[in-house]
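The values are calculated or read from the model by the stated rules, or taken from the named source; none is laboratory data. Predicted model only: the values in this text are computed from it and were never measured. Please note: Cβ atoms are built from the backbone with ideal geometry, for glycine as well, and neighbour counts cover all protein chains shown.
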Amino acid sequence: MKDSGTCRLCLASSELRESHIIPASIIRLIRDETLDNRFYQLHNKRNQMIQDGPKEHLLCDDCEQKISGYEKYFKEAIHLSRHGIEIKQNQEFAVIDNLDYRKMKLFFLSLLWRMSISSLPEFENVCVGDSEETIRKMIVTEQAGKSFEYSVSGDIPLMNQKMQEGWSTTPFVSKSRPTVYAILIGGILYYISTTRQNSSLLPELLLNESGRWVMPLRDFYSIPFLREYIDRHFNE
Ligand SMILES: [Zn+2]
């Protein structure tokens, strides 16, 4: 489905594509697997399983393709271990090596930006304010910024000692300042900061320029908002 308007990324007048906010490729990946196919959205306190990610007319063809490229890299690197990616794991951490920082960071910047500009109810709790324009320019010029700018960290929540690769959620908002958005995508909980300031986390826990990213393994139930989420889904 197409619609005329101004592309929100390059600002050109164009036919706009119906874009997914959460990458369709991830949802497809999840469905392709012999996993449980559980993609949930939290909306108006009702939980529903959805067939497809939320969509909206936001981008022209060129910009949609640019962002799709980052999504493809994200999916292939994290979930398919392509592009020379090595993932090692012990009892406490997963260590991902050989990541392309720029591509991964631009994926997360574009995700944060799309969630913020979206008018869909699923993302009404995401608003980065003035950073919208800063991040838009970073994406247009393909500048990923430093690791501590709009920093991204990840936890791998385990349920019964297993990562739940079939699970994704809409974003959770931290009550802390500066605001951090947490979103579960393909079983990994990502925290995206909305500030350009230094992060208090250890540098290796951030997606960073070295290409090595360390993600702690944590029990699902030790993460309060996920515990609440699971309780609502499964213990009603
Ligand atoms: Zn565009």
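Once the range 123-164 is narrowed to residues that are among the acidic types (Asp, Glu) and more than 14 Å from the chain's Cα centre (by Cα), the residue that is surrounded by the fewest Cβ atoms within 10 Å (Cβ to Cβ) is ASP130. Can we say ARG218 is of a type in the set (Lys, Arg), in a loop (DSSP other than H, G, I, E, B) and surrounded by fewer than 19 Cβ atoms within 10 Å (Cβ to Cβ)? So ARG218 fails the test.
Only one of SER131, SER118 is under 23 Å from SER200 (Cβ atoms), among the hydroxyl-bearing types (Ser, Thr, Tyr) and in contact (Cβ under 8 Å) with a residue 60 or more places away in the chain. Can you tell me which? Exactly one residue qualifies, and that residue is SER131.
SER19 meets all of the listed conditions (1) within 16 Å of the chain's Cα centre (by Cα); (2) modelled with pLDDT of 90 or more; (3) polar (S, T, N, Q) but one, namely (2). Among residues of the range 213-224 that are among the hydroxyl-bearing types (Ser, Thr, Tyr), those with a beta-carbon under 9 Å from a residue that is part of a strand (DSSP E or B) at least six positions away or on a different chain give the pairs TYR221/PRO157; TYR221/MET159; SER222/PRO157. With the structure loaded, tell me whether PHE93 is aromatic (Phe, Trp, Tyr) and more than 16 Å from ILE192 (Cβ to Cβ) or whether it fails that test. Answer is yes for this residue. Only a single item in (1) surrounded by 15 or more Cβ atoms within 10 Å (Cβ to Cβ); (2) on the phi < 0 side of the Ramachandran plot; (3) not in a helix (DSSP H, G or I) is not met by SER110, and it is number (3).
Restricting attention to the range 172-194, the residues being crowded, with 21+ Cβ neighbours inside 10 Å and either on the phi > 0 side of the Ramachandran plot or assigned to a loop (DSSP other than H, G, I, E, B) (or both) number 2.
Checking each residue in the range 58-91 for being under 14 Å from the mean Cα position of the chain (by Cα), within 16 Å of the ligand (Cβ to nearest atom) and in contact (Cβ under 8 Å) with a residue 60 or more places away in the chain picks out only ILE67.
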